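The values are calculated or read from the model by the stated rules, or taken from the named source; none is laboratory data. Small disclaimer: the values here were computed from a predicted structure and weren't measured. Cβ placement follows ideal geometry from the backbone for every residue including glycine, while neighbour counts extend to all protein chains displayed. Protein only, heavy atoms only, side chains kept; ligands, DNA and RNA dropped before computing areas. Shrake-Rupley method; radii C 1.70, N 1.55, O 1.52, S 1.80 Å.
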Amino acid sequence: MELRSELLKSIWYAFTALDVEKSGKVSKSQLKVLSHNLCTVLHIPHDPVALEEHFRDDDDGPVSSQGYMPYLNKYILDKVEEGAFVKETFDELCWTLTAKKNYKHDKNGNCIISEHDAFRLWCLFNFLSEDKYPLVMVPDEVEYLLKKICTEMNVEWCAGELDDFFAQEPLQQNGITVWVFLDWVNSGRFTRGIEKETVTMAVQEVYQEIIEDVLKQGYLWKKGQLRRNWTERWFILKPSILCYYVSEDRKEKKGSIALDRNCCVEILSDRDGKRCMFCVKTPSRTYEMSASDTKQRQEWTAAIQTAIRLQAEGKKSLHKDLKQKRHDQRALREKQKAAKEEELQRLKQLQEEKERKLQELELLKEAQRQAETLLKEEEQRRKQQHEEMQRALEIQLRQAEQARASMEAEMVLKEAEADRQKKRIRELEDMQKLLEEALHAEVTARQEEEAKRYAQTRLLSEEEDKMKALMQLKEEQEELIRKTQREKQELRQEMENKSKILEEAQKQLEEVRVNRQRADQDVVAAQKKLRQASSHVKHWNVQMNRLMRPIGPGDKRPTPPIVPTYRGSIGGQQEARAKLSGKTEEKGNATSDECRKENLHRSLSNCPSNANSVEEMETSALNGQVKRNSVEIRKPMQRSSSEDPEPAPTEELIR
């Protein structure tokens, strides 16, 4: 992931260099050439047919950096293998593309740094820049890089020039671009009086240390494994390996020592004519070496221990770790600065709040002073009023003493008056009781009145509803009256027809009267027989009432034997008596019916138009009389059956 981010920084410069119009887009033909060159320097096998197919000419136009990223990730960066290519060659390709457009060096050779030094500074800038686009390097990293270069040149670092530069350019406080950085280095502000070769060597040392991860390099004496002789070699120490060459030009490599967490370095005592000795122990072999002096031995042992520590911690680069630590320190400083600013803001707010409260306190004190002044004035005013009231009371006291004498004279008169008043008070108390009772009655009456008013209101509302209903009924009644008038005309015609029928009924009524007279004669004869039989019936009824006793519910006495012969005779007498009484009543009813009919005919003779109604009334009267006669005939039969539930024994009736 770190390798990819480093490669992307260099590719970003190449992409922006191809963007001539600064529109953020590059033509497909240029991207095709760039992709081919990237695959070549990264030693990635690529398919020319697929490349032509992907970047073929069509109507899509140029491609932006975001549109180029999917192809770059899938077909190039995903296939990159660490150690399979030379990182410097890759960076030179990207530098060549971007330097032609952006780096303005003096062709006459008046520049402080050469083009190759500019390339190395560009690589250092990319390594130390922030992982944000466009790429910039913050002032702290600029100072760190320049300080290391000055250290390699054995020149004292002067931070004033850099501070003046950032003070003159306020917009550069958040970071500067690589082209601004190169222009500032070429200006010679921190390399005055220093030869160009010295600057080149210093840049090369810093480049090897930071970019190539060279922790230390120099000549050491090494003891051979087979011949056990001492030879001088050029050693280069990196976090994972210690390589040694014949000379410092590094053309002929003689061997290497792999370093891991299982390795260690130890200081040895002088022997074999060598001093400042130390050894590097690996799991497979122990390498004995000798430095030129004690300082060099100390530096080498410390550097090798640092490399072993990085391997133990799983870190591949010392300066990447240092860069991350500086980044974390800057983030911490920014956080502390923000917290400090927030604290200052909060203190400022507290100070403002304190001042506001002090102002409020001053206002309260002023109000308190005014209140005290008003209180004193009020106290003086009250004291004056008290003195005036005291003088007035003394005057009133003298007047009261004078009035007391007159009051004592009047007391005698008042006592008599008081007696009269007491009587009057008792009368008034009695009257008050009466008034209270009257008031209570009035309250009750008012409550009843309110209840009645409420009921009256409710009745009025109901009356209004009924009035509405009555109005509706009135309309319906008027409609019915109109219908009735039409029906009345029809009824008149029917009454004329029925009057004729009534005349015929009168004739039949005359015939009924004749038949009724004959029945009356029969009734007179039956009454005579009835009077004769009634004397016998009364005698037997008296005898039966003596013998008959009512049987109550739940009476379980044995029933006396029944004599059928006497029961039949007694039942026959009762039936005969019932028939005679029925005929008598029928006769009387017939006589009364005849009188009613005569009166009815008289009234009908005066109103000939109501003949039909009279006939209906006569018919209903006759039907009612027949029903009453039938009921009266049933009653004596039921009474006789209830009076004789159990016939008397034969022997008792004979006695």
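Here are the numbers for this structure:
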item	result
Residues that are open to solvent by 90 Å² or more (accessible area, probe 1.4 Å) and modelled with pLDDT under 75, drawn from the range 53-76	53, 56, 57, 59, 60
Total residues in the range 295-343, condition free of Cβ contacts under 8 Å to residues at least 24 places away in the same chain, open to solvent by less than 70 Å² (accessible area, probe 1.4 Å) and under 19 Å from residue 137 (Cα atoms)	3
Condition check for residue 131: open to solvent by less than 50 Å² (accessible area, probe 1.4 Å), part of a loop (DSSP other than H, G, I, E, B), out of contact with any strand residue (DSSP E or B) (no Cβ under 7 Å at 6 or more places or on another chain) and among the charged types (D, E, K, R)	no
Residues that are part of a loop (DSSP other than H, G, I, E, B), among the polar types (S, T, N, Q) and closer than 20 Å to residue 296 by Cβ, drawn from the range 226-268	247
Yes/no for residue 233 being out of contact with any helix residue (DSSP H, G or I) (no Cβ under 7 Å at 6 or more places or on another chain) and modelled with pLDDT under 90	no
Conditions (1) open to solvent by 70 Å² or more (accessible area, probe 1.4 Å); (2) under 20 Å from residue 133 (Cα atoms): number failed by residue 99	(1)
Index of the failed condition, residue 213 passing every other in (1) part of a loop (DSSP other than H, G, I, E, B); (2) over 60 Å from the mean Cα position of the chain (by Cα)	(2)
Number of the exception - residue 181 against (1) buried (at least 19 other Cβ atoms within 10 Å of the Cβ); (2) closer than 16 Å to residue 280 by Cβ; (3) of a type in the set (A, V, I, L, M, F, W, C)	(2)
Residues (open to solvent by 20 Å² or more (accessible area, probe 1.4 Å) and either within 22 Å of residue 99 (Cβ to Cβ) or touching a Gly at 6+ places or on another chain (Cβ under 9 Å) (or both)) located in the range 33-46	33, 36, 37, 40, 41
Given (1) surrounded by fewer than 16 Cβ atoms within 10 Å (Cβ to Cβ); (2) touching a helix residue (DSSP H, G or I) at 6+ places or on another chain (Cβ under 9 Å), number of the condition residue 83 does not satisfy	(2)
Residue list for the range 219-239, filter: open to solvent by 10 Å² or more (accessible area, probe 1.4 Å) and touching a residue at least 40 places away in the same chain (Cβ under 8 Å)	219, 221, 222, 223, 225, 230, 238
Checklist (1) free of Cβ contacts under 8 Å to residues at least 24 places away in the same chain; (2) within 21 Å of residue 212 (Cα to Cα); (3) open to solvent by less than 60 Å² (accessible area, probe 1.4 Å) applied to residue 3, failing item	(1)
Residues (exposed (fewer than 14 other Cβ atoms within 10 Å of the Cβ), of a type outside the set (Gly, Ala, Ser) and part of a loop (DSSP other than H, G, I, E, B)) located in the range 269-294	270, 272, 283, 285, 293
Any hit, the range 189-211, residues being touching a Pro at 6+ places or on another chain (Cβ under 7 Å) and either open to solvent by 50 Å² or more (accessible area, probe 1.4 Å) or touching a residue at least 24 places away in the same chain (Cβ under 8 Å) (or both)	no
